[in-house]
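Read through the structure below, which is laid out as structure tokens, and then see the notes.
The values are calculated or read from the model by the stated rules, or taken from the named source; none is laboratory data. This one's a predicted model, so the numbers in the text were calculated from it and none came from an experiment. We place every Cβ from the backbone using ideal geometry, glycine too, and count neighbours over all the protein chains shown. We work out accessible area using only protein heavy atoms, side chains counted, and drop any ligands, DNA or RNA first. Shrake-Rupley method; radii C 1.70, N 1.55, O 1.52, S 1.80 Å.
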Amino acid sequence: MAVRQNLIQLCEKINGGHYTITPECAEYRLFEQWITDEQIAVMLAMTDMKPALVPLIARKAKIPVKRTREILREITDIGLVVQVVVPKVGLEVYLLPPYTPGIFEFLLINEKFCLAHPEIAYAFHGHATTSQIEHAPNTPMGAGIMRVIPVESAIPAEAQQIDNERVSKYIEDNDGHLSVTPCQCRRVRRMMGEGSGDLDEGLCIFMGHVADMFNRTGKGKPVSVAEAKALVQKCDERGCVHQITTLHQGETFAICNCQPESCLALGVSQYYNTPDTSRSNYVAEIEQEKCVACGQCTDHCANNAIQMGQKLCSITPIEHKHMELPDDIEWTPEHWNPEHRTNREYIAPEGTAPCKTACPAHIAVQGYLKLAAQGRYLDALELIKKENPFPAVCGRVCNRKCEDECTRAQIDQAVAIDEVKKFIADRELDRDTRFVPKKLYDYSDKKIAVIGAGPAGLSCAYYLAADNYKVTVFEKNDQPGGMLRYGIPNFRLEKPVLDAEIDVLKELGVIFRCGVEVGKDVTIQQLREQGFDAFYLAVGAQKSASLGIPGEELQGVWGGIDFLREVNAGARPEIGKKVIVVGGGNVAMDVARTAVRLGANVTVAYRRKESDMPADPAEVAEAKEEGVQFLFEHRPVEIEGKNGKVTALVCEGEKKIKCDAILAAIGQQVDLDGLDLGELKTDEKKRVQADGFTYQTAQKDIFVGGDAFTGPKFAIDAIAQGKQGAISIHRYVHEGQSLTIGRDRLTYHAFDKENVNFDTIKRDCDRTERQNPDKDKAKASTFRDDRKTFTEEQLRKETARCLGCGASFVDPNKCLGCGVCTTRCKFDAIHLRKRTNVESIEYFDRPKVLPQFIAERQRKIAIRKMTNR
């Protein structure tokens, strides 16, 4: 296509000298395919940012007034100019806005036009990236595309506060002239197929003449002051960053409620590492002694300025380097960060608290311990449930990886983290004290099917339901819970505890269809036809692994999982008096202790040495306490029987053990028989193959998690995967959303304990011994859980033992001063401080101000070069 010189001229006019205009640039390509010569002529006849009457524009364009008015109304509808209608008299006035904030945003509000011309989205993206190469490092504060304005509650009372730093001021000043529209940046991301899960719903508030225009043309929704403030409050709760336009001091025609992974204006700061293009007058600061590295501020930081690190004294000092700024240095590509949407680092280079790192769900352990110590149990429960919706269950059955890595163990014993969690989570058992999350979104038009009601499926259902998806859980058993109900004995997990946490899901609106086996009673294809948009496959590994030796078909030989399922369903199998349990894991311990409660004398036969047993040592100790005997280095080779019934287990070396029953607990297998899984693939162990980050299978609408994906693991592993599955499903069911962009990749690592100064810590730390909850005298004849919960006094003593290993750190050079972090902190540890008093730079002053700024920057660069010689 031939170069259109009149279009080059128009682009230069709109551009105002900021960018070099060529036929290849984003600003030219925006118009190239569709703008007419008449439209160009009319726009060239207008004066930048200054209103003009139709006859004046017509005279300059040399087009009749009537036709000029038609064109102006036409391009107003498209989104190229601002139309102002003078009240009462109906006089039309028009002005030509800049590219941003202006034409790009106005075009994107016109969804029908953008769908017909998808190049608009790509042009806006190009404008916010490649077009800013020279502009970004040479932009002073107050002259960027948009500017961050703090969350109003975060502004310190003692700060020198001016009205134009309050969101509410702009809303109140524009009473009667407010309009809500879909977010244009989120729309660009969607149209490019690069959305980060933030949908382009009505989140942008326009005001003044621009709002009147959108309300008049039907592109916006008129709102009152109260409605606009309620929207801002909702966005605050979601963690959005507020931004305003910078064209005029003390004025804005929009308040954008942005997500850092989506916003193109923030993206300039992130892409080029030039925070001055966006930042407010404030900076976040953390009080280290109050901070617990819970990660809530880190997760919501707009510019990845906060990282979780080490608080404990170190032998070799730890330095937190600040990002270099372009103030006095040539800003070349090695300083940029084009992959900012995928390479965020949440952990400081030295690493952070081992407990949070070791937990598969990365729960804020240090955070909930401190909240519990303060008696803020509901807050502690809320913090836990951000990553684990079943803390009462896990407080009884977790494998406690956090305690295995607890730094306190280097001094005496690990903090009893799980016992504290159990104390907190017992509030879940009472409807009046449990935590039910507030729904901040409404995706009730989407139906999700969860297949399997074990820990992974229930976790996925919880997080989807918390965002108001219509979730139905299909479970082939009579009750939900999966292995939590049918695979874990009551003396470890009493079922009213499980039922209480499942009740929370029901309160959130999750529908349970128990006794329905997908693949037998209904197919996945039939569910698709019923309107389900995506599927989460969480069938677990509920099939007992075979011993693979002669005699296994004899009566009296049970699979361990099958045996536990029978007992947990209320049956009392006839297993006789002398029982052999084969295996050395936690399931084997559960099987053995269950058999004891059925009146049997139980012996565990394990093929290796005691030190090789994978079972939790505490579980082994409890089994021994209840009278279970152990035979090590006994590898089964045959089962003998008489009259079709087992009589003995034969092990290598001709070791023969007489018995009435053999309970084989050597592993579990995934059973997918009957499921119509389409393109889904499995490995040689029948585990479902999927992406290890998104959990999407080859059948794109099926996601997987839990034991069906990993093979047998622990409940907390499945719960963690359930949340990640919910995140992926949310993105999958909405058009144009990427499964990976802008997503926490969970790359946690702990600090080096060898570099911790334990001499100093031992001198100053609380010397209280580890607390142990009371326990009823072991009664192996009952299935009651005899383990008690901490008293409040024990809780107080135990939480005091936490060393407070981690803290978060702010890089002030990266901080944009949005204040979102302050709204997330439950510990009053992070606040905004005002560090500058820079106003927005008037649009018409910039041709003078910007060259001065650039010249001063070049002078600083030259001085630095001379100094560094």
| request: For the range 187-228, just run the numbers: alpha carbon Rg, then divide by 2.2 N^0.38 Å, N being how many residues it has. | output: 1.41
| said: I'd like to know how the range 277-396 sits against the 2.2 N^0.38 Å rule of thumb: what's its Cα Rg over that expected value? | reply: 1.28
| remark: With the 8 Å Cα cutoff and a minimum separation of six or more residues, the range 503-604 has a relative contact order in percent of 18
| Sorted from largest down, what three extents in whole angstroms do the Cα atoms of the range 388-452 have along their principal axes? | 54, 27, 24
| Cα-Cα pairs above 15 Å in the range 431-478: how many percent? | 49
| said: Let me check I have the definition right: for the range 244-292, take the eigenvalues of the Cα gyration tensor, multiply each by 5, take square roots. What are those semi-axes in whole Å, largest first? | reply: 25, 15, 12
| request: Please state the charge dipole magnitude for the chain, taken about the Cα centre, from unit charges on C-beta atoms (+1 on K and R, -1 on D and E), reported in debye and rounded to the nearest 20. | output: 300
| Leaving out same-chain residues fewer than 8 places away, which aspartates and glutamates sit with a Cα under 14 Å from that of Lys439? | Asp236, Glu237, Glu382, Asp467, Glu507
| remark: Heavy-atom accessible area of Ser262, protein chains in place, probe 1.4 angstrom, given in Å² to nearest 10, is 0
| Coarse-grained scattering of the range 239-338 at q = 0.13, 0.15 Å⁻¹, given as base-10 log I(q)/I(0) from a Debye sum over alpha-carbon atoms | -0.62, -0.80
| remark: P(r) of the range 628-774 over all Cα-Cα pairs, 5 Å bins starting at 0, rounded to whole percent, reads 2, 7, 11, 11, 9, 8, 9, 10, 12, 10, 7, 4, 1, 0, 0
| Cα-based convex hull volume of the range 181-324 per residue, rounded to whole Å³ | 153
| task | At a Cα cut-off below 17 Å, give the lysines reachable from Lys658, other chains included and same-chain residues fewer than 8 away excluded. | result | Lys577, Lys578, Lys642, Lys645
| Kirkwood-type radius of the chain, with distances r between different C-alpha atoms, in Å | 30.5
| query | Nearest 0.05, what FRET efficiency do Glu339 and Thr20 give at R0 = 30 Å with Cβ-Cβ as r? | reply | 0.75
| Ellipticity estimate at 222 nm from DSSP helix runs (n ≥ 4, -39,500 (n - 2.57)) divided over the chain, nearest 500 | -9500 deg cm²/dmol
| request: Bin all alpha-carbon pair distances of the range 109-210 at 5 Å intervals from 0 and give each bin's fraction as a whole percent. | output: 2, 10, 14, 17, 18, 18, 14, 5, 2, 1, 0
| note | To the nearest 10 degrees, the tilt of helix 455-466 (Cα long axis) against the first principal axis of the alpha carbons of the chain is 30
| field | Cα-based Kirkwood hydrodynamic radius, the range 739-864, one decimal, Å | value | 22.4
| message | Considering all projection directions equally, how large on average is the shadow of the alpha-carbon convex hull of the range 1-93, in square nanometres? | response | 6.3
| When the C-alpha atoms of the range 576-654 are aligned to their principal axes, what extent does each axis show, in angstrom, from largest down? | 39, 28, 16
| Given 37 °C and 0.692 mPa s, how large is the Stokes-Einstein diffusion coefficient of the range 537-584 in µm²/s, with Rh as the Kirkwood radius over Cα pairs? | 264
| task | Report the far tail of the P(r) of the range 486-614, meaning the percent of Cα-Cα pairs longer than 25 Å. | result | 43
| task | Determine the relative contact order of the chain: mean sequence separation of Cα pairs under 8 Å and six or more apart, normalised by residue count, in whole percent. | result | 18
| How big is the Kirkwood radius of the range 318-466, worked out from every pair of different alpha carbons and given in Å to one decimal? | 18.5
| Lysine pairs, Cα distance under 24 Å, 8 or more residues apart or cross-chain: how many in the range 458-545? | 9
| Filter on Lys50/Lys169; Lys234/Lys753; Lys356/Lys762 - keep pairs with C-alpha separation over 31 Å | Lys234/Lys753
| task | Give me the percent of Cα-Cα pairs in the range 807-869 that sit more than 20 Å apart, rounded to a whole number. | result | 58
